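Each value in this text was obtained by applying a stated rule to the coordinates, not by laboratory testing. Just so it is clear, the structure is predicted and the values come from calculations on it, not from any experiment. Reconstructed Cβ throughout: ideal geometry from the backbone, glycine too, with neighbour counts over all protein chains shown.
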Amino acid sequence: MHDAHIHLAMEPLKSDLPRIVDTFLEKGGKYILTQSTDLEDINTSLEIGKQYPNIIDVALGLHPVFFEENTIEKGNENHISDQSKELLTKFMIILKRNLPNIKAIGETGLDYYQIGLQKDLNPKIKKEIKDIQKQSFGKQVQIAVENNFPLSIHARDISGSNECVEDVINIVAREGKGLARGCFHSYSGDIKYLQPILDLGFYVGFNAIITYKSGEDVRQILKETPVERILFETDGPFLPPQSVRKNKKIKNKFAQPADIKEIIEAAAKVKNISPKELEKETDKNYEKVFIRKLEI
Ligand SMILES: [Zn+2]
């Protein structure tokens, strides 16, 4: 059992880490890949990886919404490009310094959903944010390829649009030059892009959305994804599984690595194979993607 995408540096996971890791191990868990999203959670993520070197792998990345959070949401709309470029340069320096301590680049990608929600936002500002997101993602793809690291990619459109996933696929193809590899985490866009994603050699990460009533579209994507390209993830603390969501006794609802068990059970039904078999096969996928073989 593995969790290929989680944010252990976020609360309430961070403060309760020993218990959370123990629960995962008790359920047969093997690997966790924790992802960073901004400049603040890098050190905590690296620290967590050091504490559990045989279980927790670390991915460092800059989440696409980082730029709007650090510019327009802080009331600074005038120097988005300059400020963002400075932040990106800072991140790249820290990333390069820490390459020996990580297993992947992530969470990275593009997000047109958050800016899409801001209906009153000036189109010029929207474009500036999208441009810097693309620049940042392009650089992260380049560094992944140069250093043979897999990517954990976020691609989220506003409903009815495919602009974001198309841009992501184009950047991976262009900057990756056929060498980029990794996972499209929590892909919930149009199913017609599944084949292009698989054609790029990428895996697809499935989380508790497949346990939700509303998860039918993602269950369809899962159905069409070959077992040898499936990874499981919680995206914790976000996306608690259905059993936690509907449990009125649980006040603080969040996802943790042990929830993978429930996700695998739901996925096994969709794929019509035994949970044990699915777990075994997808753990092999994790090993293939994230554990770098020692060079001889
Ligand atoms: Zn995430």
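Odds and ends about this structure:
- Residues Leu46, Leu33, arranged from fewest to most other Cβ atoms within 10 angstrom of their Cβ, appear as Leu46, Leu33.
- Efficiency of FRET from Cβ geometry, Gln114 and Asp82, R₀ 22 Å, rounded to 0.05: 0.55
- Ranked by how many other beta carbons lie within 10 Å on average, peptides 93-99, 105-111, 162-168 from highest: 105-111, 162-168, 93-99
- Environment charge at Gly215 (Cβ cut-off 15 Å; Lys +1, Arg +1, Asp -1, Glu -1): -1
- Cα convex hull volume per residue for the range 96-255 (Å³): 144 Å³
- Taking the centroid of alpha carbons for each part, the range 1-49 and the range 183-229 are 23 Å apart.
- Global geometry of the range 28-163, whether rounded, prolate or oblate, following the gyration tensor of its Cα atoms and the 1.5 cut on a/c: prolate
- Lysines with Cα under 25 Å of Lys284, excluding same-chain neighbours fewer than 8 positions away: Lys27, Lys30, Lys50, Lys103, Lys223, Lys261, Lys269, Lys271, Lys276, Lys293
- Legend: ranking of residues Tyr193, Tyr112 from fewest to most surrounding C-beta atoms inside 10 Å; resulting order Tyr193, Tyr112.
- Potential lengthening between Gln135 and Asn101 on full extension [0.36 nm per residue; Cα-Cα distance subtracted]: 9.8 nm
- Under 12 Å from Lys96, Cα to Cα: aspartates and glutamates that are on another chain or at least 8 residues apart: Glu146
- Its Kirkwood hydrodynamic radius, worked out from the mean inverse distance over all distinct Cα pairs, puts the chain at 19.3 Å.
- All lysines inside 25 Å of Lys74 as judged from Cα atoms, apart from same-chain residues fewer than 8 positions distant: Lys85, Lys90, Lys119, Lys124, Lys126, Lys127, Lys130, Lys134, Lys139
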